[in-house]
Amino acid sequence: MQVLEDAPLAPLTTLRLGGPARRLVTAGTDAEVIAAVRAADDAAEPLLVLGGGSNLVIGDAGFDGTVLRIATTGFELDGTTLELAAGEIWADAVTRTVDEGLAGIEFLAGIPGSAGATPVQNVGAYGQEVSSSITEVVAYDRSAGETVVLSNAECDFSYRHSRFKADPERYVVLRVRFALEDNGGRSTPVRYAETARYLGVEPGERVEVAAAREAVLLLRSGKGMVLDPADHDTWSAGSFFTNPILTPDQYAAFLTRLDGRTAPAYPGPDGCTKTSAAWLIDQAGFGKGYGTGPATLSTKHTLALTNRGNATTADLVALAREIRAGVRAAFGVELVNEPVTVGVDL
Ligand SMILES: Cc1cc2nc3c(=O)[nH]c(=O)nc-3n(C[C@H](O)[C@H](O)[C@H](O)COP(=O)(O)OP(=O)(O)OC[C@H]3O[C@@H](n4cnc5c(N)ncnc54)[C@H](O)[C@@H]3O)c2cc1C
């Protein structure tokens, strides 16, 4: 277990933003993770669990407590059953399963961060979410002081949400178990229109898993959604806002604000309609690359707020507030941030 005092956090986030941690503990085994959590809890010390820092906006003042960096390793594949240690790099784990010809997480290629964070916001992309292949999550339950195994149903997964996100102080994910599919090297059905078009198939058809992964990586790169240290468009936390899910009343009100434009609309849960945050942002006047300061929209995607190299968290938050207010004024829709904020309010 490595312990550093007054440790910079910005280099540990993909936005490269945020002040220092009073203490940074790096844990390489589950036992070290649990020991570090217990020590912080026993001392009533604020605790921030850190994976790859790709979904975090940390305030400029940093974190006055212990940041626990999860650096555990473990990739155990038995037939179609996969168990990943929380610290495994997610994108590498996807590559290994695709190399084995297995389906289930192939469309989630290229997503930065750790395996342990994937259940937290039910990571998803291109028509696939981890909730469809996760069978169990092994976690340390801070309120019970013991390790627990949560079934898929107990994780309360929904769109970019879960029990872990709803109750962030309670669980530290140690291991994630998946049931993958052996379809003779074929993928799960292609669900996303853009991927289907690129692959030259109809939605619902299957392709080779390796082709699915390659397509996703190419499409993601074109949007600045694959990390590249040399490309400031990827100095982001990915999509900054979730796609709004509108109740029937909210959707009816939204339609009156469109002035003849057609907004993307997809069926959501309970009669709700999901629309596109990227479309709203663009149509509210914030095009790709919007902004003149050190924090701007990505030049490749309106949904990513980026650090052009010398931004502060305050710069990024000011941009986020401006965009959220602009979308509210234009469409009456309240955008909700996807990344977790620490020591900063939007
Ligand atoms: C370029 C880019 C593209 C992205 N594309 C996508 C995408 O397509 N789809 C998508 O869903 N997300 C996407 N993201 C967001 C991000 O990659 C995912 O949310 C990822 O799962 C975060 O993992 P992490 O390890 O970096 O988490 P961190 O940023 O370190 O942490 C995020 C949250 O999870 C908590 N956490 C982390 N590890 C654990 C653990 N072991 N136990 C309990 N809590 C934990 C943290 O405390 C924090 O609250 C993207 C981000 C970037 C930068």
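None of the figures in this text is laboratory data; all of them are computed from the coordinates on show. Bear in mind that the values here come from a model prediction, so they are computed numbers and not experimental data. Here the Cβ positions follow ideal geometry from the backbone for every residue, glycine too, while neighbour counts run over all protein chains shown.
I want to verify the translational diffusion coefficient of segment 1-134 in µm²/s; compute it with Stokes-Einstein, Rh as the Kirkwood radius over Cα pairs, at 20 °C and 1.002 mPa s.
On the way: Rh = 15.7 Å.
This corresponds to a translational diffusion coefficient of 136 µm²/s.
Give, as a single signed number, the net charge of other residues whose beta carbon lies under 13 Å from the beta carbon of residue 209, with Lys and Arg counted +1 and Asp and Glu -1. List each step's numbers first, then the result.
Details: positive: 96, 186, 206, 213; negative: 99, 100, 106, 181, 182, 208, 214.
Neighbourhood net charge equals -3.
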message: I need the helices of the chain that pass two filters: whole DSSP H segments spanning 15 Å or more by Cα along the axis, and mean Kyte-Doolittle score no lower than 0.0.
response: 30-42, 209-222, 313-331
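Can you give the local net charge around residue 116? Use residues other than it whose beta-carbon is closer than 9 angstrom to its beta-carbon, Lys and Arg +1, Asp and Glu -1. Before the final figure, lay out each step's value.
Details: positive: 175; negative: 88.
Taking every Cβ under 9 Å from that of residue 116, the sum is 0.
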task: Go ahead and estimate [θ] at 222 nm for the chain from helices alone: -39,500 (n - 2.57) per DSSP H run with n ≥ 4, summed, over the residue count, rounded to 500.
output: -7000 deg cm²/dmol
- line: Nearest-0.05 FRET efficiency for residue 92 and residue 191 at R0 = 22 Å, using Cβ-Cβ distance, is 0.40
- request: Return, ordered by residue number, the residues of segment 325-342 whose backbone nitrogen is under 18 Å from a label point located 7 Å along Cα→Cβ of residue 255.
  value: 331-333
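How large is the Rg to Rh ratio of segment 2-70 when both quantities use alpha carbon positions and Rh follows Kirkwood? Please list the in-between numbers first.
On the way: Rg = 11.3 Å, Rh = 11.9 Å.
Expressed as Rg/Rh, it is 0.95.
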field: Label point distance in nm, residue 78-residue 5, each placed 7 Å from Cα along Cα→Cβ
entry: 4.5
task: Compute the separation of the alpha-carbon centres of segment 245-273 and segment 307-332 and state it in Å as a whole number.
output: 23
message: Under the √(5λ) rule applied to the eigenvalues of the Cα gyration tensor, what semi-axes describe the equivalent ellipsoid of the chain? Give them in Å, descending.
response: 30, 27, 19
task: Please arrange 234, 262, 81, 341 by counting, for each residue, the other beta carbons lying within 10 Å of its beta carbon, fewest first.
output: 262, 81, 341, 234
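Quick one: net charge around residue 238, please, counting Lys, Arg +1 and Asp, Glu -1 for every other residue with C-beta under 13 Å from its C-beta. Mind showing how you got there, number by number?
Values: positive: 160, 220, 223, 300; negative: 233, 338.
Charge balance in the 13 Å sphere: +2.
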- prompt: How big is the Kirkwood radius of segment 208-293, worked out from every pair of different alpha carbons and given in Å to one decimal?
  reply: 15.4
- prompt: Along each of its three principal axes, how wide is the spread of alpha-carbon positions in segment 75-222, in whole angstrom units, largest first?
  reply: 51, 29, 25
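Quick one: what do you get for segment 211-250 if you divide its Cα Rg by 2.2 N^0.38 Å?
With N residues counted in segment 211-250, Rg over 2.2 N^0.38 Å equals 1.62.
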task: In a Gaussian network model over the chain where Cα atoms closer than 10 Å are linked, find which of 231, 282, 141 has the largest mean-square fluctuation.
output: 231
message: Applying a 10 Å radius around every beta-carbon, put 299-305, 320-326, 165-171 in order of their mean neighbour count, most first.
response: 299-305, 320-326, 165-171
query: Roughly speaking, what is the centre-to-centre gap between segment 174-215 and segment 89-119 when only Cα atoms are used, to the nearest Å?
result: 12
Max mean-square fluctuation residue, GNM over the chain, Cα-Cα springs under 10 Å, options 233, 30, 41: 41
query: Between 115, 295, 318, which gets the highest mean-square fluctuation from a Gaussian network model of the chain, Cα cutoff 10 Å?
result: 318
statement: Computed ³J(HN,Hα) along segment 137-148: with the Karplus parameters 6.51/-1.76/1.60, θ = phi - 60°, integer Hz and x for glycine or proline, the list is 10, 8, 9, 8, 8, 5, 7, 8, x, 8, 7, 10
